[in-house]
Amino acid sequence: KRQILALVAASFGLTPQVSAHGGGTPQLVAVPAGPYEVYAWTNPTPIRVGTLHVSVALVDPASTQPVLNADVQVVAAPVDPAAAAAVSSQATHTKATIKTYYETDMQMPATGPWQVEISYRDTTASGSARFEIAVQPKSNTRWLLIGIGAVVFIAVGWFLWPRKQVDR
């Protein structure tokens, strides 16, 4: 009975959300920035007010090897400076699932178009690359699914609950 209830809960999104790391929507693919190429992915899709996960890979095009010793900064600024303040975060290997990536989570405070700049510096080089994103409002769909899931969960639980038989 508990397995059925857990399955129903999972099917309606009532389990903890897990962040996806090391992937997402490609924003930069082999973009030259200084002597290296920059790759960047964002998650979730679509991007909404709240947490934005950014994954970055730096590659030395001459050797096709990842660059692992850089200081990587991610700065997001609204295209309209009156909309909100810029946000920034350091991307590191520590936060990465794939240890050759630099990753970070940022809090996007407002909707609209945003410019995201990824800059790096290591002992021999520096560079930067940019891309634009559109931040959408928070979604209420999750709360609707949670509400529907709760009703189904209670209904299934009520039908599966052991009842005491009354002898007549």
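The values are calculated or read from the model by the stated rules, or taken from the named source; none is laboratory data. Please read all numbers here as calculations on a predicted model, not as lab measurements. Positions of Cβ are generated from backbone atoms using ideal geometry, with glycine treated the same way; all protein chains shown enter the neighbour counts. Note: areas computed on protein heavy atoms with side chains; ligands, DNA, RNA excluded. Shrake-Rupley method; radii C 1.70, N 1.55, O 1.52, S 1.80 Å.
Name every residue in segment 38-70 that is in contact (Cβ under 8 Å) with a residue 24 or more places away in the chain, closer than 14 Å to Tyr101 by Cβ and assigned to a strand (DSSP E or B), in order of residue number.
Residues satisfying the conditions are Val38, Ala40, Thr42, Asn43, His53, Val54, Ser55, Val56, Ala57, Leu58, Val59, Pro66.
Looking only at segment 12-29, decide whether some residue is over 22 Å from Lys138 (Cβ atoms) and at pLDDT below 95.
Step one: filter segment 12-29 for residues over 22 Å from Lys138 (Cβ atoms), giving 22-23, 26, 28-29.
From what is left, the residues that are at pLDDT below 95 are 22-23.
Yes, some residue in segment 12-29 is over 22 Å from Lys138 (Cβ atoms) and at pLDDT below 95.
Within segment 71-109, which residues are open to solvent by less than 20 Å² (accessible area, probe 1.4 Å), over 15 Å from the mean Cα position of the chain (by Cα) and over 15 Å from Trp41 (Cα atoms)?
Pro78
Enumerate the strands (runs of 3 or more DSSP E) found wholly within segment 82-168, keeping only those where 1 or more residues are modelled with pLDDT of 95 or more, in contact with a Cys (Cβ under 6 Å, 6 or more places away or on another chain) and of a type in the set (Ser, Thr, Tyr). Walk me through how you get there before you give the answer.
Working: elements: 87-91, 102-108, 112-121, 126-135.
So the answer is none; nothing clears 1.
Could you check how many residues of segment 27-37 are closer than 18 Å to Arg121 by Cβ, of a type in the set (Gly, Ala, Ser) and in a strand (DSSP E or B)? Before the answer, list the steps.
If we filter segment 27-37 for residues that are closer than 18 Å to Arg121 by Cβ, which is where we start, we get 28, 31-37.
Cutting the leftovers down to of a type in the set (Gly, Ala, Ser) gives us 33-34.
Then drop every residue that is not in a strand (DSSP E or B), which leaves 33.
Qualifying residue count for the region: 1.
Could you please let me know if Thr124 is under 21 Å from Gly24 (Cα atoms), open to solvent by 20 Å² or more (accessible area, probe 1.4 Å) and β-branched (Val, Ile, Thr)?
Numbers: under 21 Å from Gly24 (Cα atoms): no; open to solvent by 20 Å² or more (accessible area, probe 1.4 Å): yes; β-branched (Val, Ile, Thr): yes.
Answer is no for this residue.
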